[in-house]
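Step one of this worksheet: look at the structure below.
The values are calculated or read from the model by the stated rules, or taken from the named source; none is laboratory data. Keep in mind that this is a model prediction, so the values were computed, not measured. All Cβ positions, even for glycine, are placed from backbone atoms using ideal geometry, and neighbour counts span all protein chains on display. Only protein heavy atoms, including side chains, enter the accessible area calculation; ligands, DNA and RNA are left aside. Shrake-Rupley method; radii C 1.70, N 1.55, O 1.52, S 1.80 Å.
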Amino acid sequence: MAPLPNGVPPAKNRIAVMTSGGDSPGMNGCVRAVVRKSLAQGCESYCIYEGYEGLVRGGDLIKQMRWEDVRGLLSEGGTSIGTARCKAFTERPGRLKAAKNMIDKGINALIICGGDGSLTGADTFRGEWPGLLEELVSSGEITPEQRNEFQHLNIVGLVGSIDNDFADTDATIGCYSSLARICESVDSIDATASSHQRAFVIEVMGRHCGWLALMAGVSTGADFIFIPENPPAQNWEDQMCGIIKKHREFGKRKTIVIVAEGAIDSELKQISPTQVKDLLSNRLKLDTRITTLGHVQRGGTPCAYDRQLSTLQGVEAVMAVLDATPETPSKFIAIIENKIIRSPLIEAVALTQEVAKAIAAKDFKRAMDLRGPEFAEYYNAYMTTTSTALPDLYLPKEKHMNIAIIHIGAPAGGMNSATRAAVAYCLSRGHTPIAIHNGFAGLVRHHGDEPIGSVREVKWLDVEGWISRGGSEIGTNRDLPSKVGMGETADCFSQYKIDALFIIGGFEAFTALSELRKARPDYPAFRIPMMLLPATISNNVPGTEYSIGSDTCLNALISYCDAIKQSAAASRRRIFVVETQGGRSGYVATMAALGIGATAVYTPEEGISIQMLARDIQHLRESFAKDQGQNRAGKLILCNEHASDTYTTEVISNMIRTESKGRFESRFAIPGHVQQGGTPSPMDRVRAVRLAVKCIQQIEGYAGKSKEEIMEDPLSMAVIGIKGAHVKFGGMERLEQEETNWKDRRPKNESWIRYKSIVDTLSGRPKAEDCCEGCGRLNR
Ligand code: ADP
């Protein structure tokens, strides 16, 4: 291969990554994933420091990266390669310099992590690329050979922004971390507000996008929110005061109003926090304070979800670069529900810019539509679960149902949030929400107890504060209907005139629902609609790729591992083997491993063999031997509690210590019930609200139907699930028969399994074929 005139050998993929625009937590995860995946694919990897500024200035700001250069980045907020706003790049001469700098380094692909401004710039750059090259040839700055070599610029976007304002994707990298910061602050403010019976007006970021304000409203149970896409009615002052007054009359001691920084009224006049505060103080005589959260919302360590998203999308971006042909239009990496996809960049940029235009034209319906169906669903869920006075929603009397709510199995973050949402939704529709306390055991044992039995109607104020509470307020229990008595359970259903059952729980709950389904022919009391909302830290319920509680668990586990990793790093030559929960599903271990950058992960699905351990120990030996003093990042292995009966966490740790021959140390750690998490994560809260409302809506569809009709409908007993890009109900019978691995208590096909190889790739873990059997030496 003849080198190009600048000395760079041609025909090699040199992939550069940069972060640009406003920083967001998770950008570092993108950089790490792109660098390591590029290297693993045999490409050269480069980082462009300081965003487009680095591209325009070139020189030292474009650096070739090695594997070790991105070690330990995952847990750091912001962006370690810097970001900037660069005026020069917005003009053609700046972009001409950028093109020259890229060609000088031989870079032919660019992955940009930034907001809509940065991605618009990227697309302009790609559009102009052939013209820029011609100009460089004319001025003699590059040769015609170089032009031919670099005639196609390959660009892929990753959306990094706390605002979540980009079209065609459900989440941008950083938005859930920002939401976590907001929720932590509002939860703290809640306590003082409640103590003093105060009102707080909280301003949150988001520019023209109301996503942060809306989600903060959903996940903290705020009394009122202001978002730019859907300004309040003309008489919003009366409307807001009416709702807050009503909440106070119900007995609520505090008031929280969330105002997006771009909040406006229907005449496009800004609504300021001061205006809202004055109203609450003067009209409602509430002791009111304003809190502007400001830049706190940008900072901090990325949450579990942003670590996963940035890693998975970074890997996908590299694959998109490698798959691209000259004809492929520029892509960006999106996520729809649970599915990571490549989407056309230009269309998404145009759609994103449409929102501001629609708002400016007072076309608010279009602004809401442009934000996508998920946004609208959250908005509706917020409205129906917060404002108790929406007369339009109230159903005619004959459609009212007695809807029982039960928690089954171990507690999981979001169980209370889902219960609160279900109760609030029921009340806004005229149904009677009934809580069954302490599961089926409680139902059967205490149903006749006086004065308080196990089955109680729930009032709005009972659940009002539950959105942010961990554990299970109504009590949860593992006992199945078959254990406490099928006949007794059916009698209770009849006695309390239960018209529908809303179950919140994990695999135990799934098993309970299966039993009730099979008992339907014998017990007419079970011929009612029953919906299961999967809630378990293990995320092992068939019919869904996501159970509420699993995100809370991952966040708890990741902060535990961050702390341990710091200790491992401080003592330099130490590896920790951390045991995770998760039943017989390796989900928690694998996703935590993705989020922490673990050296290896052991799962029940794959098991552990002696060869695997030998390889991993050899990898550790080599990696510790290479690490010089300055490389302080600690190492972790994650091991699911049921990965192997023989090689337990302690045994693995001991084996590593013995085999290290004194060159490094090994410890094991068991976080145990820490993994249930304390306060539910914002993601678990918002998804709990959305999915709970959907479940009750599904139940409502059966109002007035006969028991025979209900029996015949396979979806009358169903699990709500997020599957790929969709939220859907799966009928129990089909799920039981086709999708359940009953022996191992998990779904037959686990969607996350493919992520395990990403953990291995990004940690440089050797595969079986890399290892010389016998001596265990790695052939690399
Ligand atoms: P964000 O990417 O977070 O939306 P900005 O809008 O500030 O942030 O964009 C970041 C940088 O991207 C700008 O400083 C500029 O260098 C570049 N950029 C933005 N818009 C354009 C554009 N239309 N053409 C060229 N470059 C742009």
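For segment 176-297, what is the convex hull (Cα atoms) projected area averaged across all directions, in square nanometres?
The orientation-averaged projected area of the Cα hull of segment 176-297 comes to 6.7 nm².
Which three extents, in whole angstrom, do the alpha-carbon atoms of segment 264-336 cover along their principal axes, largest first?
Over segment 264-336, Cα extents along the principal axes are 63, 34, 20 Å.
Return one number: the angle in degrees, 0 to 90 and rounded to the nearest 10, between the long axis of the Cα atoms of helix 175-196 and the longest principal axis of the Cα atoms of the chain.
Between the helix axis and the principal axis of the chain, the angle is about 40 degrees.
Roughly how many Å is it from the Cα centre of segment 131-187 to that of segment 63-118, as a whole number?
Each part's Cα centre sits 9 Å from the other's.
Lys/Arg Cβ at +1, Asp/Glu Cβ at -1, dipole of the chain taken about the Cα centre: which of 27, 482, 341 is farthest positive-ward?
So the residue furthest toward the plus end is 27.
Using only the Cα atoms of the chain, what are the Rg and Dmax in Å?
Considering the chain through its Cα atoms, Rg and Dmax are 27.8, 93 Å.
Select from segment 258-339 those GluC sites (Glu not before Pro) which occupy a DSSP coil region and have at most 11 other Cβ atoms within 10 Å, ordered by residue number.
Passing both the DSSP loop test and the Cβ count: 267, 327.
Please report the antiparallel percentage of DSSP beta bridges with both residues in the chain, rounded to the nearest 5.
25
Which whole-angstrom value gives the distance between the alpha carbon centres of segment 427-443 and segment 227-252?
Using only Cα atoms, the two centres lie 28 Å from each other.
Where does the chain land at 222 nm, in deg cm²/dmol rounded to the nearest 500, when only DSSP H runs of n ≥ 4 count, each adding -39500 (n - 2.57), divided by all residues?
That comes out to -13000 deg cm²/dmol.
Work through the residues other than residue 681 whose Cβ is under 11 Å from its Cβ and net out their charges, Lys, Arg +1 and Asp, Glu -1.
Around residue 681, the charge tally is -1.
May I ask you to list the trypsin sites (Lys or Arg not before Pro) in segment 496-583 that are in a DSSP loop and have at most 12 other Cβ atoms within 10 Å of their Cβ?
Sparse-neighbourhood loop trypsin sites (Lys or Arg not before Pro): 497.
Segment 660-780: Rg/Rh from Cα coordinates, Kirkwood Rh?
1.16
Could you calculate the contour length gain from residue 84 to residue 768, that is, 0.36 nm times the residue separation minus the distance between their Cα atoms, to one decimal place in nm?
Contour length minus Cα-Cα distance gives 241.9 nm.
Looking at segment 176-297, what % of its DSSP beta bridges pair antiparallel, to the nearest 5?
Taking every DSSP beta bridge within segment 176-297, about 5 percent pair in antiparallel fashion.
Under 14 Å from the Cβ of residue 534, count the other residues' Cβ atoms, weight Lys and Arg +1, Asp and Glu -1, and hand me the total.
+1
If only Cα atoms are counted, what is the Rg of segment 20-113, and what is its Dmax, in Å?
13.0, 37
What share of Cα pairs, in percent, lie more than 24 angstrom apart in segment 562-692?
31
Using 5 Å bins from zero, what percent of all Cα-Cα pairs in segment 310-469 falls into each bin?
For segment 310-469, the binned pair fractions read 2, 7, 11, 12, 12, 11, 11, 10, 8, 7, 5, 3, 1, 0, 0, 0 percent.
To the nearest 20 Debye, how big is the dipole of the chain about its Cα centre, given +1 on the beta carbon of each Lys and Arg and -1 on that of each Asp and Glu?
Value, rounded to 20: 1400 debye.
Under the 0.36 nm per residue contour assumption, what length would be gained going from the current alpha-carbon distance of residue 728 and residue 657 to full extension?
Stretched out fully, the residue 728 to residue 657 stretch lengthens by 20.8 nm.
Given a Förster distance of 22 angstrom, what is the FRET efficiency for residue 246 paired with residue 393, based on the Cβ-Cβ distance and rounded to 0.05?
0.90
For segment 113-207, what is the largest minus smallest coordinate of the Cα atoms on each principal axis, given in angstrom and ordered from greatest to least?
Ordered largest first, segment 113-207 gives principal extents of 74, 21, 18 Å.
Evaluate E = 1/(1 + (r/R0)^6) for residue 238 and residue 562, where r is the Cβ-Cβ distance and R0 equals 51 Å; express this FRET efficiency to the nearest 0.05.
It comes out at approximately 0.60.
Hey, can you find the accessible area per residue of segment 488-557 for me, probe 1.4 Å, expressed in square angstrom?
The answer is 22 Å² per residue.
Near residue 209, within a Cβ-to-Cβ distance under 11 Å, what is the net charge of the other residues, with Lys and Arg +1 and Asp and Glu -1?
Within the 11 Å Cβ shell, the charges total -3.
If every alpha-carbon in segment 478-583 counts as one equal scatterer, what log10 I(q)/I(0) does Debye give at q = 0.13, 0.20, 0.24 1/Å?
Result of the Debye calculation: -0.61, -1.00, -1.22.
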